[in-house]
1. Which condition does T74 not pass, out of (1) without any contact (Cβ under 8 Å) to a residue 12 or more places away in the chain; (2) assigned to a helix (DSSP H, G or I), if it passes all the others?
2. In the range 42-63, how many residues are farther than 24 Å from A16 by Cα and touching a residue at least 40 places away in the same chain (Cβ under 8 Å)?
3. Which of the residues that make up the range 82-114 are surrounded by 13 or more Cβ atoms within 10 Å (Cβ to Cβ), in a helix (DSSP H, G or I) and either in contact with a Cys (Cβ under 9 Å, 6 or more places away or on another chain) or not aliphatic (A, V, I, L, M) (or both)?
4. Looking at the range 26-40, which of its residues are part of a strand (DSSP E or B), of a type outside the set (G, A, S) and under 16 Å from Y58 (Cβ atoms)?
Amino acid sequence: MLGAEIGVFINTIRKADLNITTAEWVGLCSRTEPPIAQARIVMASTDPVALDYHATKYVLYPNSRLSIHNPDDTSGPLNQYLVKCAKEHGGIFDEKHAGVKSYDFKTTGFQADDELVVKGDITWGTNIKMLLKYIILRSGLM
């Protein structure tokens with residue numbers, strides 16, 4: 001349901017001219033506690049669905065390796081939210097229909113399609129509860 005509701009919100013309130021996602025740190029199983037990966041990336045798009053798809057496919061999922069973060073897993077909640085939002089909002093879910101330009105400031109050049117994955121340095125932390133949560137999510141028991 002959430003994806004459709006967000007799509008209605010976007011269409012009803014006001015579509016943003018530009019959507020920006022920053023990911024200095026990417027939480028692997030929590031938004032606030034380690035384990036986390038330092039991605040150091042800023043993404044922008046006129047389409048919020050395309051931006052979320054790209055961010056999860058090329059930044060979140062490669063770092064967490066959790067199936068719930070895979071936007072292409074049709075049985076997962078993320079895929080369902082994005083598909084419903086795209087349908088309601090008219091956004092782009094299929095990356096074949098979205099143009100991506102990725103600039104790497106380290107190399108001072110644009111990246112090729114096979115260079116879009118951003119893997120950060122992982123900080124595991126010492127919170128046993130969060131580490132166990134990550135292990136359980138990785139094992140598919142949750």
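1. (2)
2. 2
3. Result: K84, C85, K87, E88, H89, E95.
4. V26, Q38, R40
Let's see how each residue does on (1) out of contact with any strand residue (DSSP E or B) (no Cβ under 8 Å at 6 or more places or on another chain); (2) among the charged types (D, E, K, R); (3) on the phi < 0 side of the Ramachandran plot:
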site	(1), (2), (3)
A37	no, no, yes
A55	no, no, yes
Y58	yes, no, yes
S67	yes, no, yes
Q80	yes, no, yes
G99	yes, no, yes
V118	no, no, yes
G125	no, no, no
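Yes/no per residue for (1) at pLDDT below 85; (2) out of contact with any helix residue (DSSP H, G or I) (no Cβ under 8 Å at 6 or more places or on another chain):
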site: P48; (1), (2): no, no
site: L51; (1), (2): no, yes
site: I68; (1), (2): no, no
site: L82; (1), (2): no, no
site: G90; (1), (2): yes, no
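The values are calculated or read from the model by the stated rules, or taken from the named source; none is laboratory data. Not measured: the values here are computed from a predicted model. We place every Cβ from the backbone using ideal geometry, glycine too, and count neighbours over all the protein chains shown.
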